[in-house]
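Here the structure comes first, spelled out in structure tokens, and everything after it is commentary.
Every read-out reported here was derived from the displayed coordinates using simple, explicitly stated rules and does not represent laboratory data. Model, not experiment: these values are computed from the prediction. Ideal geometry is used to build each Cβ from the backbone, glycine not excepted, and the neighbour counts take in all protein chains shown.
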Amino acid sequence: MPSVTDRYDPLDAEILRDPYPVLAELRQATPVFWHEGMGSWVLTRYADCVRVLRDHDTFARDPRRAGGTVPEPSLSVQTLDPPQHSRIRSLFMTALRAQDLTAIEARAHRLVLRRLDELAGGGVFDVVSEIAVPLSVAVVADLLGVEPPPYAEFAEVSDTIMRSMDGGLDPSLVEPGRIARRQLSDLVDSWFTASARPGLLARVRQASEHNVDALARLYVKNTARVMFQGGYSTMAAAAGNAVHTLLVHPEALHRMRDRTLLGTGVDELVRFDGPVQGTTRTALRACRIGTVDMRPGQKVVPLFAAANRDPAAFPGADRLVLDRTPNRHLAYGWGLHSCTGTTVAQAGLRALVAALNDFPAQLVAAGDGVRRRTATMRAFETLPALLRP
């Protein structure tokens, strides 16, 4: 019988459907293991994952620190390590804190109610294309202060970029991802040259025009692209996963009519079945994690999906606990390299859950969803549902 490490293929249909039983086995039997397909050490315990994400001196996010290269279109705040990382991130976080997230959440709530009203009485529909995609594009565009691109067209470009994140498992995905990044970069360039509406991008552009050099401006533009695409894809995946969880656990949706549970409940939904499955670091020096000795240059993958179900960090980890506090999950990463749009993604998810509760018809499942065949991001390709009066 194959060992549990041999059975862990993140693109296997059964793993895509439900990875958590195998991840629990791995965490128990071999919490740090070598995965040949990824060419990396894989970590499944919460404490080990957080250690790697915190220790920038030992584990590099920037491949150049380990002698690697980064293509120019990929140079962004997500590829930099401290202290180089701090200036660009601070620029975006300062602009983010200046945005009215309460107003963005209110507009997102109205958008979902409109979408539900349009879908009511029309039979079965796809939650992903009809709700998650429009909501996510609209929320991120609202945050940045730009005109939302056409939903379907942008979703295709973004999905190509997202799939290319699995290039280590399937090299054929790399070149389409490069082309899609170029397309999206052209769109972001147009935002920087045109007069933007009030929003995060206008503040970033204004702050960076006279205070950063040419290389830093490249990082700023690329970070804007990453924030738009990454914020969209993460939120769309999280929205699909959250709706699926609520379809399986309808009592949880009903309980979140209590607005005091809405914030912690949404946090728990993304811990329970989160969008981002892991990330990669490179060891810069010899180190030991658990019983495993790692060499300089070896890659390490903190597996967020496993860490978020670690009972050592989350009592009753396989249960949905809507009032779980604290809830320091890794669904959006951790620390300096966490998704810069986390707060707006959570606002969008709160708007979604509140709208589902406020709408007079009940959302119910209309068949099994189809998981997208991606390892880095856990998302639905389609999720059929209908509104029952």
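Using only the alpha carbons of region 248-389, determine the length spanned along each of the three principal axes and report them from longest to shortest in whole angstroms.
So the three principal-axis extents are 61, 32, 28 Å.
Below 13 angstrom from the Cβ of Met294, what's the summed charge of the other residues (Lys, Arg +1; Asp, Glu -1)?
Net charge in that neighbourhood comes out at +3.
Residues with beta-carbon under 15 Å from that of Thr102, excluding Thr102: net charge, scoring Lys, Arg +1 and Asp, Glu -1?
Working: positive: Arg97, Arg107, Arg110, Arg259, Arg350; negative: Asp100, Glu105, Asp142.
Residues close to Thr102 contribute a combined charge of +2.
Could you compute the longest span of the chain free of GluC sites (Glu not before Pro) located in DSSP loops and having at most 11 other Cβ atoms within 10 Å, not counting the site residues? Present the calculation step by step, with values, prior to reporting the outcome.
Values: sites that count: Glu36, Glu209.
Longest site-free region, per DSSP loop and neighbour criteria: 210-389.
Size of the dipole of the chain about the Cα centre, Lys and Arg at +1 and Asp and Glu at -1 on the beta carbon, nothing else charged, in debye to 20?
Working: 45 positive and 43 negative charges, 218 e Å.
About 1040 debye.
How large, in Å, is region 4-388 by the Kirkwood hydrodynamic radius built from its alpha-carbon pairs? Walk me through the intermediate numbers first.
Details: mean 1/r = 0.0468 Å⁻¹.
Averaging 1/r across every pair of different Cα atoms and inverting gives 21.4 Å.
Within 11 Å, Cβ to Cβ, of Arg27, how many net charges do the neighbouring residues add up to if Lys/Arg are +1 and Asp/Glu are -1? Before the final figure, lay out each step's value.
Values: positive: Arg45, Arg309; negative: Glu25, Asp48, Asp310.
Taking every other residue near Arg27 into account, the sum is -1.
What does the extension gain come out to for Val124 and Ser190, with contour length at 0.36 nm per residue minus their alpha carbon separation?
Values: separation 66, 0.36 × 66 = 23.76 nm, distance 3.78 nm.
Value of the extension gain: 20.0 nm.
May I have the extent of the alpha carbons of region 67-211 along their three principal axes, as whole Å values ordered from largest to smallest?
Principal-axis extents of region 67-211 (Cα, largest first): 57, 40, 27 Å.
Give me a comma-separated list of calculated 3J(HN,Hα) values for region 336-351, in order, Karplus coefficients 6.51, -1.76, 1.60 applied at θ = phi - 60°, integers in Hz, x for any Gly or Pro.
5, 9, 5, 4, 5, x, 4, 5, 6, 4, 5, 4, x, 5, 4, 4
Run the numbers on region 99-208 and let me know its relative contact order in percent, using alpha-carbon pairs under 8 Å that are six or more apart.
Working: 74 pairs, mean separation 29.0, N = 110.
Result for region 99-208 is 26 percent.
Name the long-range amide H neighbours of Thr382: under 5 Å, sequence gap of 5 or more, or other chain; modelled H, no Pro or chain starts.
The answer is Val370.
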